[in-house]
Amino acid sequence: MDRLFTSQAEPLPWLPGLNGMLLFYLETDGSDSAELLTTRECWDPAVSPDHKHVACGTFVIPTDSVQFQSTELIVVTTDGTAAGTSASTPLANVQTFSYAWSPDGKKIVFVGARKDPANSANTLVGVFTINADLSGMTQLTSESFAGNTIRSPGPASFSPDGKSIIYNVTADNNIRVMNVDGTNPMVLPVVGDGPVFTRDGSKILFVNFTWDSAQSRYISQIESMNPDGNNVQAIVNPGFSVQDFYYDIAISPDGLQIAYDDSNVGPGKIYIANVDGSGATAIPGGGSQGIGW
């Protein structure tokens, strides 16, 4: 059966006394789970279309956890064999996160952030693509912000035909679609985070945050819309607060189901539901930083 891959906070074998994000697999019926990679941290796991590899982020130096120090994008085999591990440092002094594969398995899209070399008070961020062998990195978008003025791109992913990339920018949280080479960016009239296309390309799923005045907090829910931004509908409304919901949506290889996590810190649960949001079922696991399917 198809497995889910998650990053979970666990003690680091090479750094006693400290926890980090380690890669786990979970059977979708909850029958089995195991730690997959014990030599490196691995966050935001993304599963290749052939289900043989996982791309994720890690620190260049295993003990390096200082913000804006160099990170690596690594690719490991889904059976965790060391021989299947490759690594690259796409950028110097950059944080990379939020990875996704192209439908043909030839490219990976991710988000990068680094200090502006011209002004250390500013941050430069953008959407990047890189070949599956971790060569040929290309920056597609560029945003700069200072202080608390946030213009960071959110998770990016490919359309099923491989011709477009969808993402959001936190300056306005509007979802954007652009050509795979970064041209012709279009801002959709929809606010949301973590957008992904369904496997057939008929819908875009994303997380929206709404203010609950009665509880004085933001509440998150998963919504769907047409590729042009019309026909927005809520499909999962678990009532989680923003602090308790990791905005990552994974779609099953057959396109019939989705997985999502109810917590990005501490113990949590992973839920599997039909792609329309119905029939949600919890499976053991959670507290993850990203879900790959």
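For region 255-293, which positions are in a loop (DSSP other than H, G, I, E, B), modelled with pLDDT of 85 or more and not acidic (Asp, Glu)? Working first, answer last.
The initial filter retains those residues of region 255-293 that are in a loop (DSSP other than H, G, I, E, B), namely 255-256, 262-269, 275-280, 284-287, 293.
Narrowing the set further to residues that are modelled with pLDDT of 85 or more leaves 255-256, 275-280, 293.
255, 256, 275, 277, 278, 279, 280, 293, listed by residue number.
Only residues that are modelled with pLDDT under 90, in a strand (DSSP E or B) and small (Gly, Ala, Ser): list them for region 24-51, please.
33, 34
Hey, among the residues in region 138-167 that are over 20 Å from residue 200 (Cβ atoms), in a loop (DSSP other than H, G, I, E, B) and hydroxyl-bearing (Ser, Thr, Tyr), which one's modelled with the lowest pLDDT?
149
Among the residues of region 1-22, is any touching a Leu at 6+ places or on another chain (Cβ under 7 Å), over 15 Å from residue 72 (Cβ atoms), in a loop (DSSP other than H, G, I, E, B) and modelled with pLDDT under 90?
yes
Rundown of residues vs (1) of a type outside the set (Ser, Thr, Tyr); (2) touching a strand residue (DSSP E or B) at 6+ places or on another chain (Cβ under 8 Å); (3) touching a residue at least 40 places away in the same chain (Cβ under 8 Å), yes/no style:
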residue: 3; (1), (2), (3): yes, yes, yes
residue: 7; (1), (2), (3): no, yes, yes
residue: 11; (1), (2), (3): yes, yes, no
residue: 16; (1), (2), (3): yes, no, no
residue: 25; (1), (2), (3): no, yes, yes
residue: 33; (1), (2), (3): no, yes, yes
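Mind listing just one residue for me: the one in region 168-195 that is of a type outside the set (Gly, Ala, Ser), outside any strand (DSSP E or B) and modelled with pLDDT of 90 or more and, of those, farthest from residue 232 (Cα to Cα)?
Among residues in region 168-195 that are of a type outside the set (Gly, Ala, Ser), outside any strand (DSSP E or B) and modelled with pLDDT of 90 or more, the one farthest from residue 232 (Cα to Cα) is 181.
The values are calculated or read from the model by the stated rules, or taken from the named source; none is laboratory data. Since this is a predicted model, take the numbers as computed values, not measurements. Here the Cβ is made from the backbone with ideal geometry for all residues, glycine too, and neighbour counts use every protein chain on show.
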